[in-house]
Amino acid sequence: MRAGGAAAQGEAARSPLRQGATVVRATVNGESVEVEIDPRSSLLDVLRETLGLTGAKKGCDHGQCGACTVHVDGRRVASCLTLAAKIDGREVTTIEGLSDGDTLHPMQQAFIDHDALQCGYCTPGQIMAAVACVAEGNATSPERIPEYMSGNICRCGAYVGIVAATLDAAAKMGEG
Amino acid sequence: MTKLLSRRTFLLTGAALGGTALVAALGGLGYLATVDVDGLGGFVDGDDAVMNAFVTLHDDGRVVVKVPRTEMGQGIHTGLAMLVAEEMDIPFDERISVEHPVELLPVYAHWAQMLGVRPEEPQGPVTWIGRRLISSIPLITTGASASTLNLWHPMRVAGAAARHMLLAAGAARLGVPVAELTTSDAAVHHAASGRSIPYADLARQAAVLAPPDRPALKPRSEWRIIGRSQRRVDIPAKVKGEPVFGIDVVLPDMLHASIRHAPVFGTRVVRIANEAEVRAEPDVLDVAIIEDRSVAVVARSWWQAETAAARLDVEWSASEADAVSSDALDARLADALEGGEPYIHVEDGDVGAALAVDGARVVQATYVAPLVAHACMESMNATVVLRPGGRAEAWVPSQSISLTRWAVFRGMGWAGVDPAEVVSHITMNGGAFGRRTETEVVAEAAFLAARHPGRPVKLLWPREEDIGRAMYRSHARAGLTAVLGADGLPAAWDALVAAQSLMQSIGSRTLPITPSPDGDRLTAEGLEKPYYALPARRVRSVHVPSHVPIGLWRSNGFSFNTFFAESFVDECAAAAETDPVDYRRALLARSPRHLAVIERVAALSGWGAPMAAGRSRGIAMEHCFESIVAVVAEVIVTGDGEVRVPRVFCAVDVGTVVNPDAVVAQMEGGILFGLTTALISRVTLSDGRIEQSNFHDFTMPRLANAPEVVVEIVPSELPPGGAGEPGVAPIAAAVGNAIFAATGTRPRSLPLALAETTGAGRLRTVLAAEAG
């Protein structure tokens, strides 16, 4: 994990709880974290601003665009609409935690192989959604994938590559 | 990161190239290839062997190519780095990385656009002089689909010069004449003795040698990289979420800001009714009124800043624009078509005489296009810090490092900042489409940074500001008239467009003198159709001002005028009872390059072959940004008016192709961008305010709505043209023409359909009433 997680943990442990704040303990990308948050804050803001995980992107802040998609206990969520307080005791995976060390996840490799992006801003959300789409059993055909990947907007128009990449990775993930 | 090029180098190259450019502009050379490339001198700086302004070599074999253009998804970092690698004989592999330079060197500037304007042209001497002046401070910008066109020559020369210096260093090391040496695989070889030296081992010696005056470029026959698809240098990091977009910038002690702009453009802040209350919000440090036009809140986190900003109760000044609606603006456009005083862009032949002929077969139609937003996925943002001694630094997802720097000065009130000490970093851009040539967010962040010296301030506009308080593509209304000759082809072509002048709107925000809207070719581009054989032709425009700010928008005037003109060509073909492709073949009889593109797309799409029930085809073409694109759209219109576009075929002649994969991707992306606008995009005004605010009401097509796109590149050895924008231009007309083929009703108003959200984020597009 990037810098930020450890610092935040230390600070939370040392300082007395600020008024109205709450402490959340969760596993983020395989590491235990403990952070002090405003109970109203979104998971996206806590990931980006408190934990220093800026891979998940803020696109609309209203669950419309999918750029902030991450996994909570293996299921995809729009982190901008998820209260950070709800991750207490759960496992969160972001784009930063998807690869196995230097070995890319098959979906990441497929996005490279199929040029499934242009500006790359929506890409972390697309990849996290696509991995979940495969896990859900919804990446079985080029007709089915668009139905289950329609929560993620790509303004650059790389949709053709996204379908190809998802189909390709699904076969390699052995769950398609 | 490498150190800045020395001030000495900057000044010397600035003086030298300024002189060359002046000669080129005054002497009427005006063509990029005639401009000498300066800034080729190298030096050793610590571990870096800086060969010239474009390439730095490292001891470990890494090659850093400086690409002075913004990567916003178009793959320009890859394409331009390929040019250097080609000339240097360096394989295009992981050794090569790309950086956007922070220096503003004249050799990086956007020459083609500046030299392309002549004083005698309609924009007039003011614009020409303005551009001459800014050429003394290099304008480095990414736009007009001109990056490859601009740097095609300089970057190959830079690569060739570096190779020449490496050869000279190799010859000295080996004690043999340069003529006995060859280069390949990033090494110098001496075949006679079987010895080779990698560039990395020669770089330090080579960098201090004098660069050649005019290094020879490789002939086309020896290209190994140019014209062959290469891996995109920016993609591997992007699939890991690693690149730093502007929104991702994190700096020590950084503050965060959010903002509210005037809901009616042009109105001013009268007072903030609850300022004390907002200032008392948790961790809020500042509430600032910026130039009376917006109110920003600065806090320790963006969420806190935005939460507090949402509570702002701002009283705005009253304005005449408070009553303006979209319908009222459209009525103004309609009035201007009837009674305005048009500026004449083109007048060839006697259009009036052709129209006056008794019994002439006249085809006439009026078309409309609405205001649209850019809706980049990354909302507008900028991070600025003011350090002691008037040194400012900015990190911005911007299309222009030059404009970013000026915006920092502007935002800091032109005082307390040393102009020579502003450093700008261009981050990755989450989409741009022309929107990031505008720098108001930079000026706002700089304004806030000046209030908090020593602390970086990151200003991020919430999505609602990005869509509802932004810059827009102009709305437009056009009347087209043709007189058909005995052969059914237009004997006369008359186009009149009413729109808000883009150049005037931009100029009023950025220049001390507001340019005249007369001769703004961005308003009329796309109506002339110079490649069609039209015996008499007239193109005119009427400027209709409004309070809405108009900005550069991917393909600008072509985005609506090509819809108007190519729909109208289809109407003429229908009036002449001729197949739309045959009709264009006849119009292109004397334009073989264009005809070849039409023939390719007709063949690719199976034009003329029977279609499945409920499907139809439409064709359209455009020549813009030095490239020719023709598209055929297949549409399905169902009984209840739902319209879908399952497939689009595209043939494109972009001249010499650098990276074929990137050209195909730009066509795919441009077509989807144009299709979005054709089918469903518009912003509307009520009580002077933009009504749309986020992706629920400014809708985007989803994956389930995206067509299959088949692209074929037509081979060409002409100089490279642009790829970013041409794909956008013809798609709207192609879809409209296909809808006509399906329904017999001619759609003349954009957007063609209304979007209905169904199920989980899917869209259903239903033909607008007037088209159905």
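So how many residues does the range B:215-226 have that are surrounded by fewer than 16 Cβ atoms within 10 Å (Cβ to Cβ) and in contact (Cβ under 8 Å) with a residue 40 or more places away in the chain?
5
So that you can scan it fast, the table gives a plain yes or no per residue for (1) within 14 Å of chain A (Cβ to nearest Cβ); (2) closer than 29 Å to residue B:496 by Cα:
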site: B:302; (1), (2): yes, no
site: B:326; (1), (2): no, yes
site: B:342; (1), (2): no, yes
site: B:357; (1), (2): no, yes
site: B:369; (1), (2): no, yes
site: B:372; (1), (2): yes, yes
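Just need a number here: residues in the range A:69-98 that are surrounded by 20 or more Cβ atoms within 10 Å (Cβ to Cβ) and among the aliphatic types (A, V, I, L, M).
8
Any idea how many residues of the range A:82-103 are away from chain B (no Cβ under 13 Å) and under 21 Å from residue B:247 (Cα atoms)?
Matching residues across the range A:82-103 total 1.
In this structure, does residue B:200 turn out to be within 38 Å of the chain's Cα centre (by Cα), in the same structural domain as residue B:155 (by the TED database), within 16 Å of residue B:52 (Cα to Cα) and among the hydrophobic types (A, V, I, L, M, F, W, C)?
Against the criterion (within 38 Å of the chain's Cα centre (by Cα), in the same structural domain as residue B:155 (by the TED database), within 16 Å of residue B:52 (Cα to Cα) and among the hydrophobic types (A, V, I, L, M, F, W, C)), residue B:200 qualifies.
Tell me yes or no: at least one residue of the range B:615-632 is touching a residue at least 60 places away in the same chain (Cβ under 8 Å), surrounded by fewer than 17 Cβ atoms within 10 Å (Cβ to Cβ) and assigned to a loop (DSSP other than H, G, I, E, B).
No.
Please work out which residue is farthest from the chain's Cα centre (by Cα), limiting yourself to the range A:90-127 and to residues that are free of Cβ contacts under 8 Å to residues at least 60 places away in the same chain and part of a helix (DSSP H, G or I).
Once the filter is applied, the top-ranked residue is A:113.
Name the pairs: first residue in the range B:460-485 and on the phi > 0 side of the Ramachandran plot, second residue part of a strand (DSSP E or B) and β-branched (Val, Ile, Thr), Cβ to Cβ under 6 Å, at least 6 apart or on different chains?
Note: no pairs meet the criteria.
This table checks each residue for (1) in contact with a Pro (Cβ under 7 Å, 6 or more places away or on another chain); (2) of a type outside the set (Phe, Trp, Tyr).
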{"position": "B:392", "(1), (2)": "no, yes"}
{"position": "B:396", "(1), (2)": "no, yes"}
{"position": "B:420", "(1), (2)": "no, yes"}
{"position": "B:447", "(1), (2)": "no, no"}
{"position": "B:474", "(1), (2)": "no, yes"}
{"position": "B:488", "(1), (2)": "no, yes"}
{"position": "B:502", "(1), (2)": "no, yes"}
{"position": "B:505", "(1), (2)": "yes, yes"}
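From the set of residues in the range A:47-68 that are more than 23 Å from residue B:695 (Cα to Cα) and facing another protein chain (nearest Cβ under 10 Å), which is surrounded by the fewest Cβ atoms within 10 Å (Cβ to Cβ)?
Selected residue: A:52.
For the range B:327-417, which fully contained strands (runs of 3 or more DSSP E) count at least 3 residues that are under 27 Å from residue A:122 (Cβ atoms)?
Hits in the range B:327-417: B:381-387, B:391-396.
Residue B:545 - would you say it is in contact (Cβ under 8 Å) with a residue 24 or more places away in the chain and either among the basic types (Lys, Arg) or over 27 Å from residue B:568 (Cα atoms) (or both)?
For residue B:545, the condition - in contact (Cβ under 8 Å) with a residue 24 or more places away in the chain and either among the basic types (Lys, Arg) or over 27 Å from residue B:568 (Cα atoms) (or both) - is not met.
Sort through A:128, A:107 and tell me the only one that's more than 9 Å from every other protein chain (Cβ to nearest Cβ) and within 20 Å of residue A:77 (Cβ to Cβ).
Of A:128, A:107, the one residue that is more than 9 Å from every other protein chain (Cβ to nearest Cβ) and within 20 Å of residue A:77 (Cβ to Cβ) is A:128.
When you scan the range B:693-741, how many residues do you find that are in contact with a Gly (Cβ under 8 Å, 6 or more places away or on another chain), aliphatic (A, V, I, L, M) and within 26 Å of residue B:610 (Cα to Cα)?
9
Residue-by-condition table, conditions (1) within 19 Å of residue B:386 (Cβ to Cβ); (2) out of contact with any Phe, Trp or Tyr (no Cβ under 9 Å at 6 or more places or on another chain); (3) surrounded by fewer than 24 Cβ atoms within 10 Å (Cβ to Cβ):
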| position | (1), (2), (3) |
| --- | --- |
| B:418 | yes, yes, yes |
| B:423 | yes, yes, yes |
| B:446 | yes, no, no |
| B:452 | yes, yes, yes |
| B:455 | yes, yes, yes |
| B:468 | no, no, yes |
| B:473 | no, no, no |
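The values are calculated or read from the model by the stated rules, or taken from the named source; none is laboratory data. Quantities reported herein were computed from a predicted structural model and do not represent experimental measurements. With ideal geometry, Cβ positions are generated from the backbone for all residues, glycine too; neighbour counts draw on all protein chains shown.
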